[in-house]
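Heads up: the structure comes next, in C-alpha cells.
The values are calculated or read from the model by the stated rules, or taken from the named source; none is laboratory data. Everything numeric here is computed off the predicted structure, so don't read it as measured data. All Cβ positions, even for glycine, are placed from backbone atoms using ideal geometry, and neighbour counts span all protein chains on display. Areas reflect the complete protein model, heavy atoms only, side chains present, ligands, DNA and RNA absent. Shrake-Rupley method; radii C 1.70, N 1.55, O 1.52, S 1.80 Å.
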Amino acid sequence: GRTEIAGLIGPNGAGKTTIFNLLTKVYQPTHGTILLNGKDIQGLNTAQINRAGIARTFQNIRLFQNLSVEENIITAMDTQMHYNMAEGILRLPRFWREERVVHERAMELLSIFHMEELADAKAGNEQAGSLPYGAQRRLEIVRALATNPCLLLLDEPAAGMNPSETAELMENIRSIRDTFKIAVLLIEHDMNLVMNICEGIAVLNFGRIIAKGSPDDIQNNPEVIEAYLGKKKEA
C-alpha cells in the first residue's frame, strides 16, 4: 500500500540488501520489471530513482562525517533547490530566500527525532561523525527523508541499537509514516521490531520469497520457522 510499513526478513545471505540495490539501481535487474507507482523504472540510474521518490539508508551508516548535522540534510535537498550557481556565488536575494527555507525545512525534519539542538549554532552545529551511534543512525534517516520520498527503504535501522533506542526507533518509523504519508520497507533482524510495526512481511530465503503475510501469518508459518531455526530433529 501507499502508506504501508512492510518488512523484508530472512537469514543472512538470503538476498535482502540485493533487493534494495535493485530497487535503487545500484544493480540493474537482468530480467523482470520494477514498478514505482505503476511506472516502469527500467533504465533509470540511482540519482534518477531518488528524484522519482525512493530514498534509502544503509547497513553501514553513510553520512558526510566531517559536515555538520544540518549540512548533511541540506546536501540531500540539493535536487530541490532552485537557485543557480551564479546566484549562489553572488548571494542574490533568491539564494537567501532559499537558504532560509532550507534551514527551516532541515530543522523541521530534525524535530521529528528531537535532534534540533544538534543543529543549533550555539552547539557549534556538531559534526555528524562526532555523534553517538544511535544519533548518526537517526540523522541518516532524516537525510533520506529530506529528498521527499514516497518510499523509504531502511536497511537494518535497529542494528547496534540498545532496547530503548530500538523502542524509540519504532515510534519514529510510525510517526514518519503518519506525518509524511509514505510507505516504509525495512530489512531487519530484530524480530520484536518487525512483528510490532510491520503490517505486511515478506520472507526471503536463498533469493526466493518463501512467505508473505501479516506478522501472525509469518510467525506461524512452518516454512519460515524451518528457514530460521532449521528442521526439527527427529525424535
Scan region 10-26 and report the pairs whose first residue is over 16 Å from PHE206 (Cα atoms) and whose second residue is assigned to a helix (DSSP H, G or I) and open to solvent by less than 20 Å² (accessible area, probe 1.4 Å), with Cβ atoms within less than 9 Å and a gap of 6+ or a chain change. LEU23/ILE49; THR24/ILE49; LYS25/ILE49; VAL26/PHE20
Looking only at region 124-143, which residues are closer than 19 Å to GLU104 by Cβ, assigned to a helix (DSSP H, G or I) and not hydrophobic (A, V, I, L, M, F, W, C)? ARG143
So is ASN196 in contact (Cβ under 8 Å) with a residue 60 or more places away in the chain, in contact with a helix residue (DSSP H, G or I) (Cβ under 7 Å, 6 or more places away or on another chain) and over 26 Å from ALA119 (Cβ atoms) or not? no
Considering residues that are in contact with a helix residue (DSSP H, G or I) (Cβ under 7 Å, 6 or more places away or on another chain) and open to solvent by 40 Å² or more (accessible area, probe 1.4 Å), the number found within region 149-161 is 1
Failed item, numbered, when PHE95 is tested on (1) open to solvent by less than 70 Å² (accessible area, probe 1.4 Å); (2) at pLDDT 80 or above; (3) of a type in the set (Phe, Trp, Tyr): (2)
Can you confirm whether region 163-182 contains a residue that is farther than 27 Å from MET107 by Cβ and open to solvent by 30 Å² or more (accessible area, probe 1.4 Å)? yes
Out of all the residues in region 152-163, is one or more in a strand (DSSP E or B) and farther than 22 Å from LYS25 by Cα? no
Report, ordered by the first and then the second residue, all pairs with beta carbons closer than 8 Å, sequence separation of six or more or different chains, a first member in region 213-235 that is modelled with pLDDT of 90 or more, and a second member that is hydrophobic (A, V, I, L, M, F, W, C) and assigned to a loop (DSSP other than H, G, I, E, B). PRO215/CYS198
Looking at (1) of a type outside the set (Lys, Arg); (2) open to solvent by less than 30 Å² (accessible area, probe 1.4 Å); (3) at pLDDT 85 or above, which is the one condition that is false for GLY88? (3)
